[in-house]
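As structure tokens, the structure follows; a few thoughts come after it.
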Ligand code: NAP
């Protein structure tokens with residue numbers, strides 16, 4: 001298979017670096033274009049970006065010139081990891097010019113004609129892009145992936161949605177890498193917990209209802225279940241943990257739920273997409289797992305790890321879900337979205 005050329009908007013930032021690392025060796029995509037602000041444009045990547053990840057950027061990337069984030073000479077498929085203050089206009093300019101923008105930024109996630117895609121959960125939501133071309137006149141399209149804690153919650157919930165979820169309470173313990181670089185000051189987070197992350201609870205609540213909602217022709221009918229999120233920043237480097245209590249309409253047993261977690265699979269697994277984890281939700285039976293330091297990196301950081309399924313005295317059942325926030329919660333999620341789009345013929 002000849003690889004498809006791709007670019008990254010916001011290639012110099014924290015998530016941009018995760019894209020570079022995650023795309024290295026991808027059999028479907030070949031990274032050939034790096035875009036960033038005018039502060040970086042024209043410089044060699046290694047001069048423009050301070051590399052924050054382990055090791056070094058691939059040599060061909062380190063020497064590549066950073067481009068201005070303008071449509072023109074970029075490949076048709078671009079991943080976006082731009083600062084939210086500029087992503088709206090720039091992503092729309094690329095979509096209007098015929099580019100396929102697979103974005104990690106929050107800017108377009110909740111727009112009615114933009115898929116908020118998790119390939120194992122809602123691949124049919126991709127059909128929304130037809131509306132973008134019809135209503136906005138774009139030659140290209142924008143597809144988004146969820147916020148880094150929302151994806152951990154929704155992947156944990158997806159296997160059990162069949163039992164009629166009516167109420168959800170989710171409490172997060174979110175890693176500091178989710179705040180980008182330099183992120184939270186060390187004096188604030190060392191030996192501490194910060195019980196506030198701006199707009200995060202609202203994002204988790206509304207994005208969950210959209211992701212788990214139903215495709216209804218040209219729109220998504222949001223999930224009717226009520227969702228309450230409590231978001232906390234904790235002194236963990238990578239890996240968001242979410243503790244979840246769920247009320248069900250059909251009163252499943254422990255065995256029903258365990259079976260659902262253990263057998264859950266989606267289209268990326270059926271199609272053996274390159275970045276798909278073999279088992280997207282992995283149930284851990286030890287009573288002190290999953291843990292971010294021990295489990296977040298498993299399966300390249302692309303799976304959700306669930307454990308501690310037990311009765312909830314307020315709702316019906318409670319459990320823990322863990323995922324890698326900068327991989328499955330950011331760059332890896334977008335790459336898997338693009339792989340699904342390629343397998344659907346949407347990159348032609
Ligand atoms: P970041 O480190 O601050 O990087 C921002 C990127 O945007 C840089 O490449 C920067 O380029 C570029 N940029 C800024 N102004 C620009 C402009 N006018 N034109 C073109 N490019 C411009 O931020 P980040 O943490 O990687 O986050 C990037 C996006 O991903 C944000 O929307 C964030 O909300 C979202 N996100 C982050 C995480 C996470 O774990 N950090 C997780 C999920 C989603 P220069 O270097 O040239 O300034």
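Pull out the extension gain between residue 97 and residue 130, defined as 0.36 nm times the separation in residues minus the alpha carbon to alpha carbon distance; nm, one decimal.
On the way: separation 33, 0.36 × 33 = 11.88 nm, distance 1.59 nm.
Length gained between residue 97 and residue 130: 10.3 nm.
Less than 17 Å from a label point 7 Å out along the Cα-to-Cβ axis of residue 192: which backbone N atoms in the stretch 226-240 qualify, by residue?
232-237
May I ask you to sort 196, 45 by Cβ crowding, counting other Cβ atoms within 10 Å and putting the fewest first?
196, 45
With springs connecting C-alpha atoms under 10 Å apart, model the chain as a Gaussian network and identify which of 302, 187, 204 has the largest mean-square fluctuation.
Evaluated over the chain, the most mobile residue of the options is 187.
Assuming a ≥ b ≥ c are the square roots of the Cα gyration tensor eigenvalues, decide whether the chain counts as rounded (a/c under 1.5), prolate (otherwise, with a/b larger than b/c) or oblate.
Prolate, since a/c reaches 1.5 and a/b exceeds b/c.
Have a look at 228, 249, 46 and tell me which one the Gaussian network model of the chain (Cα, springs below 10 Å) gives the largest fluctuation.
Its mean-square fluctuation being the largest, the pick is 249.
For helix 84-96, what angle does its Cα long axis make with the longest principal axis of the chain, in degrees from 0 to 90 and rounded to 10?
That helix lies at roughly 70 degrees to the long axis.
Most exposed first by the Cβ proxy, i.e. fewest other Cβ within 10 Å, how do 336, 126 rank?
Least crowded to most crowded, the residues run 126, 336.
I want to check the label-to-label distance for residue 62 and residue 232. Put each point 7 Å from Cα in the C-beta direction and report it in nm to one decimal.
4.1 nm
When 29, 305 are ordered from fewest to most other Cβ atoms inside 10 Å of their Cβ, what list results?
Neighbour counts put them in this order, fewest first: 29, 305.
Tell me, in nm to one decimal, what length is gained between residue 300 and residue 53 on full extension, where the rule is 0.36 nm per residue of separation less the Cα-Cα distance? Provide the component values of the computation, followed by the final result.
Values: separation 247, 0.36 × 247 = 88.92 nm, distance 1.47 nm.
Taking 0.36 nm per residue and subtracting the Cα distance, the gain is 87.4 nm.
In nm, to one decimal, how far is the residue 218 label point from the residue 263 one, both placed 7 Å along Cα→Cβ?
In this crude spin-label approximation the distance works out to 3.9 nm.
Multiplying the sequence separation of residue 76 and residue 272 by 0.36 nm and subtracting their Cα-Cα distance, what value in nm do you get? Mind dumping the intermediate values first?
Details: separation 196, 0.36 × 196 = 70.56 nm, distance 2.38 nm.
Full extension from residue 76 to residue 272 adds 68.2 nm.
Please work out whether the stretch 148-324 counts as rounded, prolate or oblate from its C-alpha gyration tensor, where a ≥ b ≥ c are the square roots of the eigenvalues and a/c under 1.5 means rounded, while otherwise a/b larger than b/c means prolate and anything else oblate? Walk me through the intermediate numbers first.
Values: a/c = 1.41, a/b = 1.32, b/c = 1.07.
Taking the square roots of the gyration eigenvalues as a ≥ b ≥ c, the stretch 148-324 is rounded.
Normalised by the number of residues in the stretch 84-136, what is the relative contact order in percent for Cα pairs under 8 Å and 6+ residues apart?
The normalised contact order for the stretch 84-136 reaches 25 percent.
Rule-based calculations on the coordinates, nothing more; no lab input. These figures come from a predicted structure and were not determined experimentally. For neighbour counting, all protein chains shown are included, and Cβ atoms are generated from backbone atoms with ideal geometry for every residue, glycine included.
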